[in-house]
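Engineer: Take this structure first; my questions come after.
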């Protein structure tokens, strides 16, 4: 099967899921531009830009790293109400 641009979307979704775990589902939907028709989403107008930027910048750092990366765990908020554990791949210092 030949490579398609949709493979990039699938890879981004998979990598965010690997990094954030179960709590990352909402962020994956936001990054991919999927609509969320839930009642909560209708009232919640927060764009999650900081969270999306953070996870994508960390992944970009991993892609651009000359050496293998290690995972640093932390705590982040995906939905603004509850903290979930996250692990961000961090490039090793040169």
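Engineer: Say a paramagnetic label sat at a point 7 Å from the Cα of residue 18, along Cα to Cβ; which residues of segment 43-63 have their backbone N under 17 Å from it?
Structural biologist: Backbone N within reach: 55-63.
Engineer: Something else about it: Using only the Cα atoms of segment 11-70, each taken as one equal point scatterer with no solvent, compute I(q) by the Debye sum, divide by I(0), and report log10 of the ratio at q = 0.12, 0.14 Å⁻¹.
Structural biologist: Debye output, listed in q order: -0.33, -0.44.
Values quoted throughout were computed directly from the atomic coordinates according to the rules given, and no laboratory measurement underlies them. Quantities reported herein were computed from a predicted structural model and do not represent experimental measurements. With ideal geometry, Cβ positions are generated from the backbone for all residues, glycine too; neighbour counts draw on all protein chains shown.
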